[in-house]
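Colleague: My questions all concern the structure below.
The values are calculated or read from the model by the stated rules, or taken from the named source; none is laboratory data. Note that the structure is predicted; figures quoted are calculated from it, not measured. All Cβ positions, glycine included, derive from the backbone under ideal geometry; neighbour counts span all protein chains shown. For the accessible areas, the whole protein counts, side chains as well, though only heavy atoms, and no ligand, DNA or RNA atoms are used. Shrake-Rupley method; radii C 1.70, N 1.55, O 1.52, S 1.80 Å.
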Amino acid sequence: MSQTAQHSEEMLDLLVIGGGINGAGIARDAAGRGLKVCLVEKDDLASHTSSASTKLVHGGLRYLEHLEFRLVRESLIERERLLKIAPHIVWPLRFVLPHDKGLRPSWLLRLGLFMYDHLGGRKLLPPTRTVNLREAPHGDFLEDRLVKGFEYSDCWVEDSRLVALNCVDAKERGADIRTRTECTGLARDGQHWNAVLSGPDGEAYVQARQVVNAAGPWVDKVLGRAIPRESHENLRLVKGSHLIFPKLFDGDHCYIFQNKDDRIIFAIPYERDFTLVGTTDQGFEGDPSGIDISPEEAEYICDAANEYLRTDISPDQAVSSYAGVRPLYDDKAASNSTVTRDYVFELEDTDENGAKAAPILSIFGGKITTYRKLAEHALKRLGQGDTSWTIDAHLPGGEIDPMRFDAFVTDLAMRYPWLPNGAALRLARAYGTRAEALIGGAQGLNDMGAHLGGDLFARELEYLIEHEFVRSADDALWRRSKLGLHLTKEERARVKDWFESEQASKKAAAL
């Protein structure tokens with residue numbers, strides 16, 4: 001690292017380490033303020049925690065029980081802000097919470113939902129109402145003992161696309177976004193940091209006045225690299241897993257089921273043809289890089305759901321699953337489900353002698369719902385002022401009235417009547433107003449390039465490579481989309497072959 005300064009690029013204002021939702025949101029906010037920003041992610045964007053969520057923008061109803069009123073209020077306010085700035089990837093859902101005798105009493109549920117309706121100044125979303133669970137559609141799906149429930153509002157989010165679109169916007173505002181690039185060296189040199197960035201083309205050496213450590217499950221590791229003189233054990237890793245089943249019920253409504261262990265699980269319509277069920281809260285130790293649901297977690301999810309379902313489900317019926325690790329701040333709570341989901345900052349801005357030095361801000365915890373507010377708070381802690389430009393600035397493709405999204409889809413289908421059935425909705429949901437840029441001047445399917453399966457054509461992959469940092473089939477099929485669920489094994493292999501062919505062509509052209 002001693003020679004880093006001699007080989008540095010132009011001085012950065014901010015180096016962001018970590019391409020999850022927190023890092024992406026901070027990079028976008030900082031770039032929009034005119035700062036010179038570089039974000040590095042050792043894998044693909046949203047490769048880990050930020051693509052393994054329950055995919056909700058929500059206030060966190062159960063956090064009320066833990067008296068986290070500030071977090072719930074902030075989350076509820078952000079819920080409608082995100083709906084306004086990204087209505088293509090964020091949309092309203094209605095959740096049904098059955099009352100089950102022996103668990104939380106009816107009056108307590110209603111009180112909690114009353115607070116949930118009013119704590120965040122709800123404007124766009126409909127309020128809570130009581131529902132009869134013996135009537136359709138609930139009576140066909142739930143056990144007979146369940147008579148009354150409460151229906152309330154929250155929102156869905158395409159989590160990994162939220163990360164990608166923040167990075168797209170950051171890049172368009174001047175940020176340098178480097179995926180497959182790891183910060184392998186980080187040393188303070190007075191009022192700046194020297195960093196070694198190891199990527200596909202070798203090592204690069206940069207300087208930065210400030211560093212944000214948003215490395216998620218690896219935040220302590222990065223902090224230990226930057227400040228090796230101190231011990232860093234701030235994380236509590238909590239694993240959350242989900243199962244994906246063939247569609248379990250009709251309709252757009254979702255269910256939230258109370259468990260006897262005081263936890264909850266969700267059953268949510270997913271990708272048109274499926275139902276997403278989860279999640280778990282299990283302490284985790286070890287390498288968080290490529291984790292899977294355990295047999296015990298799968299049984300737990302099914303057992304919890306079967307307390308409510310008329311027809312039981314079992315793990316072998318699931319068509320897919322995913323698991324992720326939440327990098328929570330260790331507040332020493334007794335239970336993994338009660339440890340705070342709020343975000344915590346650790347600012348290190350002095351050297352070993354106690355003198356002021358280049359700062360590194362490490363981020364612990366946080367929720368997808370509050371990422372935008374977290375970014376504002378993080379930059380304020382770094383002395384960048386109290387600016388809120390992101391509060392109403394649309395994410396790429398989000399220039400749509402959230403209450404008229406169906407009309408937008410209809411218009412897109414009319415302008416491109418040759419699109420396959422359902423493709424207009426999928427493209428509108430993924431790309432919003434930028435779907436037209438993806439389609440470009442195509443006059444028919446023959447202009448969309450090779451057909452790779454379903455409604456996926458080569459032109460879409462070319463767009464993702466050019467605009468959304470995609471480098472592999474998995475990036476495209478599982479993070480920028482969930483097309484991997486809809487394509488056959490043979491079609492997924494075809495997409496992989498297409499990427500390999502593209503990479504081979506680029507290498508040949510570079511020779």
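Colleague: Tell me the residue from Ala393, Ala428 that is of a type in the set (A, V, I, L, M) and either under 30 Å from Ile227 (Cβ atoms) or touching a Leu at 6+ places or on another chain (Cβ under 9 Å) (or both), please.
Modeller: Numbers: Ala393 fails: either under 30 Å from Ile227 (Cβ atoms) or touching a Leu at 6+ places or on another chain (Cβ under 9 Å) (or both).
Every option except Ala428 fails the conditions.
Colleague: Turning to a different aspect of this structure: For segment 44-60, does any single residue satisfy the condition of being basic (Lys, Arg) and open to solvent by 20 Å² or more (accessible area, probe 1.4 Å)?
Modeller: no
Colleague: With the condition kept exactly as written, say whether any residue in segment 392-407 is open to solvent by less than 30 Å² (accessible area, probe 1.4 Å), under 26 Å from Asn213 (Cβ atoms) and outside any loop (DSSP other than H, G, I, E, B).
Modeller: no
Colleague: A further question on this structure: Please state which one of Ser472, Ser481 is out of contact with any Phe, Trp or Tyr (no Cβ under 8 Å at 6 or more places or on another chain), among the hydroxyl-bearing types (Ser, Thr, Tyr) and touching a residue at least 12 places away in the same chain (Cβ under 8 Å).
Modeller: Ser481
Colleague: Another question, if that's okay. Would you confirm whether any residue within segment 224-232 is of a type in the set (A, V, I, L, M, F, W, C), under 24 Å from Ala46 (Cβ atoms) and part of a strand (DSSP E or B)?
Modeller: No.
Colleague: Anything in segment 440-474 that is assigned to a loop (DSSP other than H, G, I, E, B) and closer than 21 Å to Arg178 by Cβ? List them, or say none.
Modeller: Glu468, Phe469, Val470, Arg471, Ser472
Colleague: May I pose another question? Which residues, counting only those in segment 282-320, are of a type in the set (Gly, Ala, Ser) and either surrounded by 13 or more Cβ atoms within 10 Å (Cβ to Cβ) or out of contact with any strand residue (DSSP E or B) (no Cβ under 7 Å at 6 or more places or on another chain) (or both)?
Modeller: Gly286, Ser289, Gly290, Ser294, Ala298, Ala304, Ala305, Ser314, Ala318, Ser320, listed by residue number.
Colleague: What pairs come out if I take residues in segment 26-47 that are within 13 Å of Gln210 (Cβ to Cβ) and pair them with residues that are aromatic (Phe, Trp, Tyr) and surrounded by fewer than 24 Cβ atoms within 10 Å (Cβ to Cβ) whose C-beta lies under 8 Å away, six or more apart or interchain?
Modeller: Arg33/Trp389
Colleague: Only one of Val212, Val206, Val163, Val219 is within 16 Å of Gly23 (Cα to Cα), open to solvent by less than 10 Å² (accessible area, probe 1.4 Å) and assigned to a strand (DSSP E or B); which?
Modeller: On the way: Val206 fails: within 16 Å of Gly23 (Cα to Cα); Val163 fails: assigned to a strand (DSSP E or B); Val219 fails: assigned to a strand (DSSP E or B).
Val212 is the lone residue from the list that is within 16 Å of Gly23 (Cα to Cα), open to solvent by less than 10 Å² (accessible area, probe 1.4 Å) and assigned to a strand (DSSP E or B).
Colleague: So which residues in segment 450-472 are of a type outside the set (Asp, Glu), within 14 Å of Leu438 (Cα to Cα) and either out of contact with any strand residue (DSSP E or B) (no Cβ under 7 Å at 6 or more places or on another chain) or open to solvent by 50 Å² or more (accessible area, probe 1.4 Å) (or both), if there are any at all?
Modeller: If the condition is that a residue be of a type outside the set (Asp, Glu), within 14 Å of Leu438 (Cα to Cα) and either out of contact with any strand residue (DSSP E or B) (no Cβ under 7 Å at 6 or more places or on another chain) or open to solvent by 50 Å² or more (accessible area, probe 1.4 Å) (or both), then Leu456, Arg459, Leu461, Tyr463, Leu464, Ile465, His467 are the ones that fit.
Colleague: If you take the residues of segment 85-143 that are free of Cβ contacts under 8 Å to residues at least 60 places away in the same chain and assigned to a strand (DSSP E or B), which of them is most open to solvent (accessible area, probe 1.4 Å)?
Modeller: The selected residue is Arg129.
Colleague: Related question: Within segment 408-445, can you find the residues that are open to solvent by 40 Å² or more (accessible area, probe 1.4 Å), touching a His at 6+ places or on another chain (Cβ under 9 Å) and within 18 Å of His394 (Cβ to Cβ)?
Modeller: Arg429, Thr433, Arg434, Ala437
Colleague: Among the candidates Phe245, Phe274, Phe266, single out the residue that is buried (at least 20 other Cβ atoms within 10 Å of the Cβ) and closer than 21 Å to Arg326 by Cβ.
Modeller: Unique residue meeting the criteria: Phe266.
Colleague: Then there's this: State whether the residues of segment 369-385 include one that is within 19 Å of Asn213 (Cβ to Cβ) and either part of a strand (DSSP E or B) or hydroxyl-bearing (Ser, Thr, Tyr) (or both).
Modeller: Yes, segment 369-385 contains at least one residue that is within 19 Å of Asn213 (Cβ to Cβ) and either part of a strand (DSSP E or B) or hydroxyl-bearing (Ser, Thr, Tyr) (or both).
Colleague: State all residues of segment 69-103 that are under 26 Å from Thr130 (Cβ atoms) and among the hydrophobic types (A, V, I, L, M, F, W, C); if no residue qualifies, say none.
Modeller: Phe69, Val72, Leu76, Ile77, Leu83, Trp91, Leu93, Phe95, Val96, Leu97, Leu103
Colleague: Next up: Evaluate segment 17-34: report whether one residue or more is surrounded by fewer than 19 Cβ atoms within 10 Å (Cβ to Cβ) and part of a helix (DSSP H, G or I). So that I can check it myself, show each step before the final result.
Modeller: So in segment 17-34, the residues surrounded by fewer than 19 Cβ atoms within 10 Å (Cβ to Cβ) come out as 33-34.
Now narrow it down to the ones that are part of a helix (DSSP H, G or I): none.
Taking every residue of segment 17-34 in turn, none turns out to be surrounded by fewer than 19 Cβ atoms within 10 Å (Cβ to Cβ) and part of a helix (DSSP H, G or I).
Colleague: Then there is this: Quickly run through segment 284-301 and pick out the residues that are in a helix (DSSP H, G or I) and closer than 27 Å to Ala46 by Cβ.
Modeller: Taking segment 284-301 as the starting set, the residues that turn out to be in a helix (DSSP H, G or I) are 295-301.
Within segment 284-301, Pro295, Glu296, Glu297, Ala298, Tyr300, Ile301 meet the criteria.
Colleague: Oh, and also: Applying the selection to segment 408-433, what residues are in a helix (DSSP H, G or I) and over 23 Å from Leu124 (Cβ atoms)?
Modeller: Selection gives Ala413, Met414, Arg415, Ala423, Ala424, Arg426, Leu427.
Colleague: β-branched (Val, Ile, Thr), within 27 Å of Asp169 (Cα to Cα) and more than 27 Å from the chain's Cα centre (by Cα) - does that describe any residue in segment 402-412?
Modeller: Taking segment 402-412 first, the residues β-branched (Val, Ile, Thr) are 409-410.
From what's left, within 27 Å of Asp169 (Cα to Cα): 409-410.
Add one more test, that the residue is more than 27 Å from the chain's Cα centre (by Cα), and what stays is 410.
Among the residues of segment 402-412, at least one is β-branched (Val, Ile, Thr), within 27 Å of Asp169 (Cα to Cα) and more than 27 Å from the chain's Cα centre (by Cα), which makes the answer yes.
Colleague: Say we look at segment 255-283 and pick out the residues that are outside any loop (DSSP other than H, G, I, E, B) and more than 16 Å from Ile313 (Cβ to Cβ); which of these is farthest from the chain's Cα centre (by Cα)? Full working, then the answer.
Modeller: Taking segment 255-283 as the starting set, the residues that turn out to be outside any loop (DSSP other than H, G, I, E, B) are 255-258, 264-270, 274-278, 282-283.
Then drop every residue that is not more than 16 Å from Ile313 (Cβ to Cβ), which leaves 256, 258, 264, 282-283.
Details: Ile256: 20, Gln258: 24, Ile264: 20, Gln282: 20, Gly283: 21 Å.
Applying the filter and picking the extreme gives Gln258.
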